[in-house]
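This report concerns only the one structure given below.
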Amino acid sequence: MDDLTTQAEIIATMSAPAVSFNDPAAARQNLSLLRVRPQIRSGAVYLANGSLFAAYGLSPIETPTFPAKPGPIGYAIQGGSMIVYHPIVDNGERVGTVYLNASYRLLDRVASYAMILVAVLVFSLAVAALVASRLQSAITRPLEAVTGVAREVMQRRDFNLRVQSDATGEIGTLVAAFNDMLAEIGRRAHALQEANRTLEHEMQVRQGAERALLLADRRKDEFLATLAHELRNPLAPIRTGLDIMRVNSRDAGAVERARTIMERQLKQMVRLVDDLLDVSRITTGKLTIRHDQVSLQDVVNDALEVTRPFIENQGHKLEVALPVTPVILLGDGTRLSQVLSNLLNNAAKYTARGGAISLRAEVQDEQVQIRVKDNGIGIQANMLNEIFELFIQADTSLERTTAGLGVGLSLARKLVELHGGTIRAYSEGQGKGSEMVVTLPVQAVPGNAPVPLQGTAGPVRQYRILLADDNIDFVNSIGSLLRSMGHTVQISHDGNQALVAAEAFVPDFAFLDIGLPQMNGYDLARALRRLPVLRKTVLVAVTGWGQQKDRQQAFDAGFEGHLVKPVSFEQISAILAGSREGFAHAV
């Protein structure tokens, strides 16, 4: 409608001069321009008096029908046509009217508008899709990646995950900030985990230390209680023997039996103390062993000599099987015999009376395996390794019939290891016996081992002997025994008195206590060594201090021997006899 009205207005403007100058041809020429608008079927120009001035028809075949006079200004729809009347004005005066008749098809126009609308919608959707694609690439995908990584981090607790995106601008800044946040959280989580692990480790260490302290404290209490018990056991018969000797002093048989009992129990006490001292020396690294060529057969014989009386007293059957040819070991024969005697003693103690004990040795691949087996109480599986620990005993019940401090096997293992060997325990369980296997390196297995020559015993010599000790009972008893053997004995009870007596007495041997009053034994030995008349005097330290440092300190002071109390008369006699064995014990 607006389009047709505009067209009518254009024709009216163009035709105003033609009407004013009465030029119908120019008016018709203006109307012919309507051919470019095929929907306009006809047009005409009327004069002011209403007469037809010029006409136009689209179809050259059909002559259009024009109204006799122009209608009112405006437009009207009549059937399928739209009629428009528009005034022609010239210099403000209406000089005529333009008439246009155009086809008016509603459905076609609607369809046309619909097509236009569809085209606009399609274009809009295309633009929207393009914009959405750009937005998805620039915003949506990076945000989806951020949410996906955040979800995985929450599920997997993996702070090493990162958002992979090449986004720029604010979205790129957001992604970079998110990745930095994950890195920071990861560092803090790792630091927290490390702190937790450290704390857990420290707590475990602290708990382990507390358990170890509690166990050590418990073992210490058990050891002290056991030590008191084991020391009281031999003290009881010793005290009883003294009572027998006091009450029945005239009964020689009773006195001899009491003396035998007291001697056996004293040896038991000495063995307990010696074992404790040996364990102390080993654990502090102060025990040294000799490295001599020793025969396995001699080592076994020495061990059997010590243990056979106890084994026979228990009524056990002992079976010994050794290689026919001598087996030579490099080590300390005394210590190796001590290992085997400990194992044999344990086998005898932990086997019911009348049991069976065997000691077998065989050489395999430059090693000798020594097996001590019994059919005694056996060892539980969980104790096979623990029994070699210090103060551990397989049987800790009050009803046990065996005694001991729990140091024998620990000492045996350490002595075997000092010889480059191993010791292991085997047992099928409680009540099924046990077997101890000692493995030692063999130096040689000679075909004909040399037999040492035995010296002939000469007459017993009498010596001048100085005894210095503040224990009056001990020193007087030893002095009496030495005098009974024909020796000349001088006794002193303090250091100064001993120094004066020695210079006048000039002894061949001087047995000096270290803890003397007024002048200790070390200073006394140094003073005696400075006296020319005592150059040949043999000085022997007699003390309760038995560590390696104590021995070395004694030798540095000028002593040639070192005896640890309690001292047996046999040790003193061996030193007097000049026996190497005596000085081995002394050292």
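Model label sites at R37 and F310, defined 7 Å from Cα along the beta-carbon direction, differ in position by 14.1 nm. Per residue, the solvent-accessible area of segment 19-59 (1.4 Å probe, heavy atoms of protein chains only, all protein chains present) comes to 51 Å². The modelled label-to-label distance for the pair S103/V437, using points 7 Å beyond Cα in the direction of Cβ, is 12.1 nm. As an exercise, use a Förster radius of 30 Å and the Cβ-Cβ distance of Y463 and A252 to find the FRET efficiency, rounded to the nearest 0.05. Efficiency, from the Cβ-Cβ distance: 0.50. In whole percents, the pair-distance distribution calculated for segment 473-573 from its alpha-carbon pairs, binned every 5 Å from zero, is 2, 13, 25, 27, 21, 11, 2, 0. With all protein chains in place and a 1.4 Å probe, the accessible surface of the chain carries 55 percent carbon and sulfur. Taking 0.36 nm per residue of sequence separation and removing the Cα-Cα distance, the F569/A352 pair yields an extension gain of 74.6 nm.
Extension gain for the segment N22 to A111, taken as residue separation times 0.36 nm less the Cα-Cα distance, is 27.7 nm to one decimal.
Under the convention that each Lys and Arg Cβ holds +1 and each Asp and Glu Cβ holds -1, the size of the dipole of the chain around its Cα centre is about 260 debye.
Potential lengthening of the chain between L418 and V533 amounts to 37.1 nm, from the contour at 0.36 nm per residue minus the alpha-carbon distance. For the chain, taking Cα atoms only, Rg and Dmax work out to 63.7, 192 Å respectively. Placing a pseudo-label 7 Å from each Cα along the Cα-to-Cβ vector at E362 and V127 gives an inter-label distance of 10.5 nm. If I take all pairs of Cα atoms in segment 112-179, what percentage of them are more than 15 Å from each other? Within segment 112-179, distances greater than 15 Å cover 62 percent of Cα pairs.
Placing a label point 7 Å from the Cα of K267 along the Cα-to-Cβ direction, the residues of segment 319-360 whose backbone N falls under 18 Å from that point are 334-335, 337-349. Counting only the Cα atoms, segment 26-110 fills a convex hull of 115 Å³ per residue.
The values are calculated or read from the model by the stated rules, or taken from the named source; none is laboratory data. On a predicted model such as this, the values are computed, not experimentally measured, just so you know. Here Cβ is always computed from backbone atoms with ideal geometry, including for glycine, and neighbour counts include all displayed protein chains. We work out accessible area using only protein heavy atoms, side chains counted, and drop any ligands, DNA or RNA first. Shrake-Rupley method; radii C 1.70, N 1.55, O 1.52, S 1.80 Å.
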